[in-house]
Every structure is written in C-alpha cells, then in structure tokens.
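Heads up: the structure comes next, in structure tokens.
The values are calculated or read from the model by the stated rules, or taken from the named source; none is laboratory data. All values reported here derive from a predicted model rather than from experimental measurement. Cβ placement follows ideal geometry from the backbone for every residue including glycine, while neighbour counts extend to all protein chains displayed.
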Amino acid sequence: MPVKKQVAIAVYFLVHKGSYVTIATIFGAGKSTACKAIIQVVIAMELVLLKKTVFLGDYRKVMDGFEAMGFSQVIGAVDSCHCNIISPVHQGGQFINRKQRYSMQGTCDHTG
C-alpha cells in the first residue's frame, strides 16, 4: 500500500476515531491492512516527530493538571500569539507564518 494512503488512513482514524472495519471500507482496504497502516504511521510519528519536541517537566503531572481542569489527554496549550524570530539558516521555510514573517508560537502547561 502506498505511504500516502497509509498516512491518510491513520490520520482519518486519529481524527474520526472510527472502527477498523469502517476505515477499511472507506479506503478500500482490508481490516488488518488498515490496522497495520495505522500502527506503522503512529510508530513512525513517534520515532520521527517526538525527537523534535521539547518537553518541559513531567508530562504525567501536566496531563493530570489539565484533567483536573476538565481537559483530558492534554499535555500543553498553544497560544495564538506569534513571537518574531530571526530565520534559522537552513530551516527558514518551516517558520514562516501566514503574514510571511518568521515566528514561533509558545506553549504552556496547566499552570499557564
């Protein structure tokens, strides 16, 4: 199965929380094939994307704090405020916002 289709299946599953049978039917795949695609994509996301994530503190404590506030399965909140930055040398395109400026957004834990 092409990688794009595997990613589409996994993203659909993560967004809609459908059953494997439903997702397999929508994408014209077998149930076990859809399940395998979802697992492979999620593992790839963990191996590749989590290396680029900065963790500050104990995520379990942060999740418990958000849970107490009524937000389950949350480990951070993103502010809509963009902080202007100087463009990184070889990665400038990754930091261009909708106003064509270089910026980053801040995150916070349950304590703000």
Hand me the list of helices (runs of 4 or more DSSP H) wholly inside the chain holding 1 or more residues that are among the aromatic types (Phe, Trp, Tyr) and at pLDDT below 85.
-> 59-68
Going by the conditions given, is residue 73 closer than 26 Å to residue 59 by Cα, of a type outside the set (A, V, I, L, M, F, W, C) and touching an Asp or Glu at 6+ places or on another chain (Cβ under 7 Å)?
-> no
